[in-house]
Amino acid sequence: MAIVVHHLNNSRSQRVLWLLEELGVDYEIRHYQRDAVTNLAPPELKAVHPLGKSPLLEIDGRVIEESGAIVQVLCERYGNGAWLPEPGSDDALRHLELMHFAEGSAMTPILLNLYVARLGEAGAPLMPRIHEQLAAHFGYLESILRPSGHFVGDDWTGADVMLSFPAEIAAMQAAATYPGLAGFAAAIHARPAWQAARAKGGPYFGT
Ligand SMILES: N[C@@H](CCC(=O)N[C@@H](CS)C(=O)NCC(=O)O)C(=O)O
C-alpha cells in the first residue's frame, strides 16, 4: 500500500520525510503551503484530518496524525531492527520517554514563546517564565545528548528524529549556548537522506 505524506512547507513534517529517506521507503508527497500572512496551514489539510495540521501520514488506508506515532510506526515497520532500541531494554524505556518529551514537553515553551511574543507589551509579564522554561528544556536536551551524538544509545533512533525539531530551534535561537544541539542539528543536515528530504520537501528554516 502506498505511503502518502501530507507535507506542510517549513514544518515538523520535515522529520517524517527525513526518516522515510533514511529507511529507503517509497512514498508520495502532497504539498501544502503556509499562508503568507498568518503562517497557518491551508484549509485543504482539514479535508485530510479535522485538525488540519501536518505531518499526516496515509498508510494502510488510514490517516495517522502526530509525528511521534508516525515516527514510531515507520521505525517499527521499516527499520529492520535499527532505529529503535531492543524491546524491553533500559534504552527502550528511555526512548519511549524522549519520544513523548519531544512534542509533549519541549514544544510547549517553544510555542508559548512564538505566540506570546506576538502580543508585544501585553505579553511581556509572561516572558521571563517562558524564557526560563525554554532554557530549562533546551538545557536538559543539551545535557542528555550522548558523546555519540545521539539521545539514546550510540546510533540513530526515532528519538533523534523527534528531537531534531526542538534541537534545530535551540540551534537557531542560541547556538553558542547549546553547542551540542547545534552540532546535532548540523550532523542531521549533512546526511544525504536529510538532503534528499530537503530537496523533495522544499525550503526549511533557511536551509
Ligand atoms: N503535535 C503535532 C503538532 C502538529 C503541528 O502543529 N504541526 C504544525 C506544523 S509545524 C502545523 O501544522 N501548523 C499549521 C497550523 O496550525 O495551521 C505533531 O507533532 O504532529
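Quick note: the coordinates plus some simple rules give every number you see, no bench work behind them. Just so it is clear, the structure is predicted and the values come from calculations on it, not from any experiment. Because the Cβ atoms are built from the backbone with ideal geometry, glycine has one as well, and the counts that use them run over all protein chains shown.
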Counting other beta carbons within 10 Å of each Cβ, put D160, D154, D91, D26 in order, fewest first. D26, D154, D91, D160
Considering only the chain, percent of DSSP beta bridges that pair antiparallel, nearest 5: 55 percent
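For S11, S164, S148, which order do you get if you count the other beta carbons within 10 Å of each Cβ and list the fewest first?
Values: S11 21, S164 24, S148 11.
Ascending Cβ contact count within 10 Å gives the list S148, S11, S164.
For L20, L145, what's the fewest-to-most ordering of other Cβ within 10 Å of each Cβ? If you can, show how the numbers build up before the last one.
On the way: L20 23, L145 20.
Listing L20, L145 from fewest to most nearby Cβ atoms yields L145, L20.
What per residue convex hull volume, in Å³, do the alpha-carbon atoms of region 4-82 yield? If you can, show how the numbers build up before the last one.
Values: hull volume 6.6 nm³, N = 79.
Taking the convex hull of the Cα positions in region 4-82, it is 84 Å³ per residue.
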